[in-house]
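Novice: Input: one structure, supplied below.
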Amino acid sequence: MDFKIHNKSDKPYNIVHTENSVIEKCIELEKELPHFMDDFFIYLKNGIALSSRYAYLQDVLFFCKYLVKETNHTNAEDTISISREDFNKLKAKDINRFLGDYCTRYIIRSETSTVVMENHNRALARKKSSIAVLFKFLYRDEIMDNNITDGFNPIRLPKPQPDAIKRLEIDEVARMLDAVETGIGLTDKEMIYWEKTKLRDKAILILFVTYGLRLKELQQLNLSSFNFSRGDFKIYRKRGKEVNMPLNKSVEKVIMEYIEKERAEDSQILEQHKDALFLSLQKTRMTQRAIRQLVKKYTAIALGTTKDNGYSPHKLRATAATSLIQNGFSIYDVQNLLDHDNVTTTQLYAAHKKDSKRQIVKQFEWLEE
């Protein structure tokens, strides 16, 4: 069947297509879950971000499979057959056993392999959040008689420490950009590809360290996202927020050099990829995986380590935040630029500014010992 999307919104086709793919996955998950959750599906559809909706449904289905396969809380033979009465009999202790015992380590067996799955506190906390949202909704919707979520055991997460934030220092950013400009540090095989993609790779890295873009935000960029005469470009952030970002001279220069000197001609590109800004050597939109590997490769050179230990795009987001604060921009300006929901997230990067002040003062002594 030929699947087409009739897009009446202002969003580019590639973003609408990606979102619709996730929506289809959500619908498939919902088909496996009990019908008494139908109103919960509507709540997720209209109340939270699409990516969160998909994650919540995955967690809820995982819990329902656990009820069917691992417990005597239901006589249902499949997840869709679980009854509201089965759910109404559940106690907080049943959820605590699921999270604290089963989820920490379980086994997935198939005809060809046995895989041991382990979840640490961060993953457990996400599952707890998904289950809690479900049970609170079912209580509010009068499907469950009691709100059992108050009895869920706490899951302790380590408090984020500024010193634990991984990011590149200014001299490491310089080494990274030097590597992409000269090819220094690349293997002979990597040099072959570098000759064909160095302007593209440089533009990607500059965008990351200038704006602290999320990987998805950069991967979705189109030629039509940029308005060079007005000096800005458009990105789509979490929860569908549409934002115009100002261009500076450095970014405009590297983008234009890539488009004019390296990017394939329109006649060589398939119709669905013609608007994509960053193309692979196959002349298709670069995948998130390919961009992640590119970043790990160049950051590994900057750090003097193996490619496996190179940094992810999110570490370049942290690099941008820290660098902006070290250059005197307020945490509120940086919060706005990076789209942090809470300023306390930005304050973690601000703590590095205190460290830099301490280093300056220690190295600037007026009195000799």
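Each value in this text was obtained by applying a stated rule to the coordinates, not by laboratory testing. Everything numeric here is computed off the predicted structure, so don't read it as measured data. A quick note on method: Cβ atoms are made from the backbone with ideal geometry, for glycine too, and the neighbour counts reach across all protein chains shown.
Novice: Quickly estimate the mean residue ellipticity at 222 nm for the chain, helices only: each DSSP H run with n ≥ 4 gives -39500 (n - 2.57), and the total goes over all residues, rounded to 500.
Specialist: Computed mean residue ellipticity for the chain: -17000 deg cm²/dmol.
Novice: What's the extension gain from residue 243 to residue 182 if we count 0.36 nm per residue and subtract their Cα-Cα distance?
Specialist: Additional length available on full extension: 18.6 nm.
Novice: Using alpha carbon centroids, what distance separates the stretch 26-105 and the stretch 222-243, in Å?
Specialist: Distance between centres, Cα-based: 38 Å.
Novice: Between residue 106 and residue 51, how high is the FRET efficiency from 1/(1 + (r/R0)^6) when r is the Cβ-Cβ distance and R₀ = 30 Å? Nearest 0.05.
Specialist: 0.80
Novice: Efficiency by 1/(1 + (r/R0)^6): what FRET value for residue 97 and residue 141, r their Cβ-Cβ distance, R0 = 22 Å, to the nearest 0.05?
Specialist: My answer for the efficiency is 0.35.
Novice: With 10 angstrom as the radius, rank 111, 30 by how many other C-beta atoms surround their C-beta, starting from the fewest.
Specialist: If I rank by nearby Cβ atoms, fewest first, I get 111, 30.
Novice: Something else about it: Quick one: helix 50-70 against the long Cα principal axis of the chain, what's the angle to the nearest 10°, folded into 0 to 90?
Specialist: With both axes taken from Cα atoms, the answer is about 40 degrees.
Novice: From the phi angles alone, apply the Karplus equation (6.51, -1.76, 1.60; θ = phi - 60°) to the stretch 101-106 and give each ³J(HN,Hα) in whole Hz, x where the residue is Gly or Pro.
Specialist: 10, 5, 5, 5, 7, 9
Novice: How do 141, 201, 308 line up, fewest other C-beta atoms within 10 Å first?
Specialist: Starting with the residue having the fewest Cβ neighbours, the order is 308, 141, 201.
Novice: Report the charge-dipole magnitude of the chain in Debye, nearest 20, computed about the Cα centre from +1 at each Lys and Arg Cβ and -1 at each Asp and Glu Cβ.
Specialist: Around 380 debye, computed over the chain.
Novice: Continuing with the same structure: Take residue 196, project a point 7 Å from its Cα along the Cβ direction, then tell me which residues of the stretch 274-302 have their backbone nitrogen under 19 Å from it.
Specialist: 274, 276-295, 297-298
Novice: Projected onto the charge dipole of the chain (+1 at Lys/Arg Cβ, -1 at Asp/Glu Cβ, origin at the Cα centre), which of 204, 311, 36 gives the Cα projection farthest towards the positive end?
Specialist: Highest projection toward the positive end goes to 311.
Novice: Give me the angle, in degrees from 0 to 90, between the Cα long axis of helix 13-30 and the longest principal axis of the Cα atoms of the chain, rounded to the nearest 10.
Specialist: The helix 13-30 is inclined about 20 degrees to the chain.
Novice: Give the long-range amide H neighbours of residue 279: residues separated by 5 or more places, or on another chain, with amide H under 5 Å away, using H modelled in the peptide plane at 1.01 Å from N.
Specialist: Amide H to amide H, under 5 Å and 5 or more residues apart or across chains, residue 279 pairs with 286.
Novice: Moving on to the next point. In a solvent-free Debye calculation with one equal scatterer on each Cα, what is log10 I(q)/I(0) for the chain at q = 0.07, 0.14 Å⁻¹, listed in the order of the q values?
Specialist: -0.43, -1.28
Novice: Residue 308 to residue 259: extension gain in nm, 0.36 nm per residue of separation minus the Cα-Cα distance?
Specialist: 14.6 nm
Novice: What lysines could a cross-link reach from residue 274, if we take a straight Cα to Cα line under 23 Å and drop same-chain neighbours fewer than 8 places away?
Specialist: Candidates past the 8-residue exclusion: 4, 8, 11, 196, 198, 202, 216, 234, 253, 261, 283.
Novice: Hey, what do the phi angles of the stretch 113-118 turn into as Karplus ³J(HN,Hα) couplings, whole Hz, using 6.51/-1.76/1.60 and θ = phi - 60°, x for Gly and Pro?
Specialist: 7, 10, 10, 8, 9, 10
Novice: In degrees from 0 to 90, rounded to the nearest 10, what is the angle of the helix 38-47 Cα long axis to the longest principal axis of the chain?
Specialist: 20 degrees
Novice: What is the spread of the Cα atoms of the stretch 163-355 along each of their three principal axes, largest first, in whole Å?
Specialist: Principal-axis extents of the Cα atoms in the stretch 163-355, largest first: 51, 38, 27 Å.
Novice: Right, something else. Just to be sure I follow the rule: in the stretch 13-158, considering lysines 8 or more places apart or on different chains, how many pairs have Cα atoms under 17 Å apart?
Specialist: Number of lysine pairs found: 16.
Novice: Sort 259, 184, 331 so that the residue with the fewest other Cβ atoms within 10 Å of its own Cβ comes first and the one with the most comes last.
Specialist: Ascending Cβ contact count within 10 Å gives the list 184, 259, 331.
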